[in-house]
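The values are calculated or read from the model by the stated rules, or taken from the named source; none is laboratory data. Everything numeric in this text was worked out from a predicted model, so none of it was measured. Glycine gets a Cβ as well: all are built from the backbone with ideal geometry, and neighbour counts include every protein chain shown. Just so you know, the surface numbers come from the protein's heavy atoms only, side chains and all, with ligands and any DNA or RNA stripped out. Shrake-Rupley method; radii C 1.70, N 1.55, O 1.52, S 1.80 Å.
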There are 2 protein chains.
Amino acid sequence: MSRRRALFGGAALVGGTAAATVWPATGAAAEDADARSGDDATVGSDTVPFEGVHQAGVVTAAQAFSTFAAYDLTVTEPRRVVGLLRILTDDIRRMTAGRAALADTAPELAATPARLTVTLGFGPGLFTTTGLTDRQPTGLTELPAFPAIDRLDPAWSGGDLLIKISADDPMIVAHAHRMLHKDTRPFTRLRWTQRGFLNARGAIAAGATGRNLMGQLDGTVNPSTDAELDSRVWAGADAGWFAGGTTLVLRRIRMDLDRWDELDPAAMDATIGRRQRDGSPLSGTREYDEPDFTVPDATGLPAIADFAHIKVARGDGPARQILRRPYNYDDTPTADGGSDSGQIFCSYQADIAAQFVPIQQRLAERDLFNQWTTPIGSAVFAIPPGSPADGYLGQGLFA
Amino acid sequence: MSRRRALFGGAALVGGTAAATVWPATGAAAEDADARSGDDATVGSDTVPFEGVHQAGVVTAAQAFSTFAAYDLTVTEPRRVVGLLRILTDDIRRMTAGRAALADTAPELAATPARLTVTLGFGPGLFTTTGLTDRQPTGLTELPAFPAIDRLDPAWSGGDLLIKISADDPMIVAHAHRMLHKDTRPFTRLRWTQRGFLNARGAIAAGATGRNLMGQLDGTVNPSTDAELDSRVWAGADAGWFAGGTTLVLRRIRMDLDRWDELDPAAMDATIGRRQRDGSPLSGTREYDEPDFTVPDATGLPAIADFAHIKVARGDGPARQILRRPYNYDDTPTADGGSDSGQIFCSYQADIAAQFVPIQQRLAERDLFNQWTTPIGSAVFAIPPGSPADGYLGQGLFA
């Protein structure tokens, strides 16, 4: 039992420690937290189990790379969609265990799964296309427009089917993506592909919060205990076939890094409400200090201003808390030489309308940070529960 | 002293072992080979020294990620180019040591260099633009046209100035790229940016040959000893200011993975002349067996056919050997759904005309592999020697 496993296993037992707020402190997640370290020379051979009540890749400790590929269906009959899902599930079952997909001409590339997970999502269009709108999960709703902030590009938005491919090695992500894309093509039209990254495995301390491309620690506050995940992330037993599923809101958020650079460090920290240096709230001294919005600064004003990102995002308490799993993106600079970088914001929650939308509405109205961030893509997906043994992902929908 | 350091240090002493053919067996390279393993939990804090006779990032054990950014100069006066090079060298000196560049608003991101190297290259246009054509290294020549195979896109070709940013963590690559791009913009126009990757650090065994996206082991044969590097890669004392430099040929080679998939495994191996499974030549049994073009197969024909890639590439012996440092690229599938993947082929050699061109001419004429690969970008750069202490990269050119 390694030091990290002891640490995170311990956190799982006692719950509510600082460490436990970083990684979901379930048994499986404790294993994941251990896997975050690169110091056991098994980066390539590590696997994440495919089987389970939930799909892998949601509460799994975030892998260093994720490719998100969204497709629109070109078939409408449910039996043909089932055919696609059976093929994809077979691919996923094999590749996440380090075995090659059928007809893989480069099976050697499959031998280093590097914690590969593949997570499938169903957009609202999948339910419409297949005539199954009455089975659409109640937690899955399209987002309202946020005209004050959104500059959405259809090229980065929507989609009937999401395939999220995550691993600690870009080679297996590329290879798994190719295998899955080949099998998906005959049934679909590609809508968009987004590639995200975090720190390489082993580049920062195991369990440490990662930074985004602005330099901020991102992901300090997240539901973590099994009880929190069950109440805020996973659909409950009353969700019928969708019990054990969740929903994903994916927003491509461009950061205006060049204009952000013009701020002085104090203004940056005031905008967020935390210190960039160590992630501590301006009311406290350490990253995991609970923000106290009543603490004054030297001038007598609240240390965390009303417009600060963490104040506006926090809103009315933890019950609506969402599980954030952001990735960074960094594309080629634009023709005028400016940066094209930002975040693939991902949040998982049981109910989009009840949890994500109120937070986003507050942020759209009052978050000063909007000056430097622009949502340019948006999509929502139902993430079905885990596959039955010997069954396929999404099977409950078609049963 | 770790097991790997012992192994590679030993190889450096005795020379010519199988292991020594994988990584340049110099003292610095032995350190690099050690650094390839992810099992010491220092992926983020590892550094590669900036100072040296040669620029870092050429014989450095290949980092997992490289971004190549090519610019055309919009200034012509040598003193202004010197100004740019001084700024870039200052950035590089700081960031490769894990310190932030001046005016970095996210200095925290610089604290995990992850073996960051930044290597500068000068295209033929830099010498023309600054009126220094008489000082252009003799080893740097434009490539002839290869009309039988080339389908070059200007959007992936040429450039006066190359900035190559390599590290084991995509976060530091993105951050260093942004810092360097900001400082380069006022003097240049961006020409192209290419992003490449290999296996993540620790994903395959330290010192093992990586695979390309077709699944082939790529990089088995490379110059490795100091003597080989001195005679084939580095410009000698007769090169004047360029002594200790080298040249880079960068070719963006698209792989038609979808059509390649239609071959059966035996045809794939015959095309290359090696077995995909373990990289062994068809005349032998192990990756590092020397190919023997006289060994027959069961039918009495040569086991390695005359058209095989390794036979055609080998040509007239090791004196013309080049140092290959390829990266993989994987872009978004095209509008018709096909893959857009391949290799950023990089070769370093003392003299492009004498070493690279003859190999490439043979390959263009006779390599069966051309059926599945298409060069779509091409550029050549002089890689100046290392910076004088307290000086700047390229200083010899302007002295």
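Take the conditions under 19 Å from B:PRO375 (Cα atoms) and within 12 Å of another protein chain (Cβ to nearest Cβ) and apply them to B:MET171. Does it pass? No: the conditions fail for B:MET171. For the stretch B:383-399, filtered to residues that are more than 19 Å from B:THR141 (Cβ to Cβ) and hydrophobic (A, V, I, L, M, F, W, C), the residue that is farthest from the chain's Cα centre (by Cα) is B:ALA399.
The condition of being open to solvent by 20 Å² or more (accessible area, probe 1.4 Å) and away from chain B (no Cβ under 14 Å) holds for only one of A:LEU143, A:LEU126, that being A:LEU143. Do we have any residue at all in the stretch A:196-203 that's among the basic types (Lys, Arg) and either within 21 Å of B:ASP258 (Cα to Cα) or touching a Gly at 6+ places or on another chain (Cβ under 6 Å) (or both)? Yes - at least one qualifying residue is present in the stretch A:196-203. Might you check whether a residue that is modelled with pLDDT of 95 or more, surrounded by 20 or more Cβ atoms within 10 Å (Cβ to Cβ) and either among the aliphatic types (A, V, I, L, M) or under 22 Å from B:PHE187 (Cβ atoms) (or both) occurs anywhere in the stretch B:30-45? The answer is no, given that none of the residues of the stretch B:30-45 is modelled with pLDDT of 95 or more, surrounded by 20 or more Cβ atoms within 10 Å (Cβ to Cβ) and either among the aliphatic types (A, V, I, L, M) or under 22 Å from B:PHE187 (Cβ atoms) (or both).
Filtered by the rule that a residue be among the hydrophobic types (A, V, I, L, M, F, W, C) and touching a helix residue (DSSP H, G or I) at 6+ places or on another chain (Cβ under 6 Å), the stretch B:89-136 gives B:MET95, B:ALA100, B:ALA101, B:LEU109, B:ALA110, B:ALA114, B:LEU116, B:VAL118, B:PHE127. Sub-7 Å Cβ pairs linking a first residue in the stretch B:338-351 that is on the phi < 0 side of the Ramachandran plot and within 14 Å of another protein chain (Cβ to nearest Cβ) to a second residue that is of a type in the set (Gly, Ala, Ser) and assigned to a strand (DSSP E or B), at least 6 apart or interchain, are B:ILE344/B:GLY196, ordered by first then second residue.
Scanning the stretch B:248-267 for residues being in contact (Cβ under 8 Å) with a residue 24 or more places away in the chain, part of a helix (DSSP H, G or I) and not charged (D, E, K, R) gives a total of 2. Among the numbered conditions (1) within 23 Å of A:VAL380 (Cα to Cα); (2) within 14 Å of another protein chain (Cβ to nearest Cβ); (3) not in a loop (DSSP other than H, G, I, E, B), the only one that A:GLN63 does not meet is (3).
Which of the residues belonging to the stretch A:367-391 are outside any loop (DSSP other than H, G, I, E, B) and surrounded by fewer than 16 Cβ atoms within 10 Å (Cβ to Cβ)? Listed by number, the list holds a single entry, A:GLN371.
I'd like to check something: does the stretch B:72-82 contain any residue that is within 22 Å of the chain's Cα centre (by Cα) and not acidic (Asp, Glu)? No, that holds for no residue.
Residues that are open to solvent by 30 Å² or more (accessible area, probe 1.4 Å) and not charged (D, E, K, R) within the stretch B:176-186 comprise just one, B:PRO186. In the stretch B:198-217, the condition of being more than 10 Å from every other protein chain (Cβ to nearest Cβ), crowded, with 23+ Cβ neighbours inside 10 Å and part of a loop (DSSP other than H, G, I, E, B) is met by no residue.
With respect to the stated conditions, A:GLN321 fails to be touching a Pro at 6+ places or on another chain (Cβ under 7 Å), within 14 Å of chain B (Cβ to nearest Cβ) and under 22 Å from A:ALA62 (Cα atoms). In summary, B:ALA270 fulfils each of the numbered conditions (1) in a helix (DSSP H, G or I); (2) hydrophobic (A, V, I, L, M, F, W, C); (3) surrounded by fewer than 19 Cβ atoms within 10 Å (Cβ to Cβ) with the single exception of condition (3). Residues of the stretch B:233-259 that are crowded, with 24+ Cβ neighbours inside 10 Å and more than 12 Å from B:ILE344 (Cβ to Cβ): B:VAL233, B:TRP234, B:ALA235, B:PHE242, B:GLY245, B:THR246, B:THR247.
Screening the candidates A:THR105, A:THR76, A:THR60, A:THR117 for the property of being open to solvent by 20 Å² or more (accessible area, probe 1.4 Å) and touching a residue at least 40 places away in the same chain (Cβ under 8 Å) yields one hit, A:THR76. The condition (being under 20 Å from B:THR67 (Cβ atoms), modelled with pLDDT of 95 or more and surrounded by fewer than 19 Cβ atoms within 10 Å (Cβ to Cβ)) is satisfied by just one residue among B:ASP160, B:ASP153, B:ASP134: B:ASP153. Candidates in the stretch A:262-310 are the residues that are of a type in the set (Ser, Thr, Tyr) and in contact with a Phe, Trp or Tyr (Cβ under 8 Å, 6 or more places away or on another chain); of these, the one that is farthest from the other protein chains (Cβ to nearest Cβ) is A:SER283. Can you find even one residue in the stretch B:11-22 that is closer than 30 Å to B:PHE122 by Cα, at pLDDT below 95 and either crowded, with 16+ Cβ neighbours inside 10 Å or β-branched (Val, Ile, Thr) (or both)? Checked against the condition, which is being closer than 30 Å to B:PHE122 by Cα, at pLDDT below 95 and either crowded, with 16+ Cβ neighbours inside 10 Å or β-branched (Val, Ile, Thr) (or both), the stretch B:11-22 yields at least one hit.
Considering (1) free of Cβ contacts under 8 Å to residues at least 60 places away in the same chain; (2) in contact with a helix residue (DSSP H, G or I) (Cβ under 7 Å, 6 or more places away or on another chain), the lone condition that B:LEU368 does not fulfil carries the number (1).
Filtering the stretch A:185-222 to residues that are of a type in the set (Val, Ile, Thr) and at pLDDT 95 or above leaves A:THR188, A:THR193. If the condition is being in contact with a helix residue (DSSP H, G or I) (Cβ under 9 Å, 6 or more places away or on another chain) and within 9 Å of chain B (Cβ to nearest Cβ), then the stretch A:174-183 contributes A:ALA174, A:HIS175, A:ARG178, A:LYS182. Take the conditions within 11 Å of chain A (Cβ to nearest Cβ) and hydroxyl-bearing (Ser, Thr, Tyr) and apply them to B:THR193. Does it pass? Spelling it out, B:THR193 is indeed within 11 Å of chain A (Cβ to nearest Cβ) and hydroxyl-bearing (Ser, Thr, Tyr).
Quick check: anything in the stretch B:230-247 within 14 Å of chain A (Cβ to nearest Cβ), in a loop (DSSP other than H, G, I, E, B) and within 30 Å of B:SER341 (Cβ to Cβ)? No: the stretch B:230-247 contains no residue that is within 14 Å of chain A (Cβ to nearest Cβ), in a loop (DSSP other than H, G, I, E, B) and within 30 Å of B:SER341 (Cβ to Cβ).
This table checks each residue for (1) among the charged types (D, E, K, R); (2) more than 22 Å from B:TRP234 (Cα to Cα).
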{"site": "B:ALA64", "(1), (2)": "no, yes"}
{"site": "B:ASP72", "(1), (2)": "yes, yes"}
{"site": "B:VAL81", "(1), (2)": "no, yes"}
{"site": "B:ARG86", "(1), (2)": "yes, yes"}
{"site": "B:ALA101", "(1), (2)": "no, yes"}
{"site": "B:PRO113", "(1), (2)": "no, yes"}
{"site": "B:LEU116", "(1), (2)": "no, no"}
{"site": "B:GLY123", "(1), (2)": "no, no"}
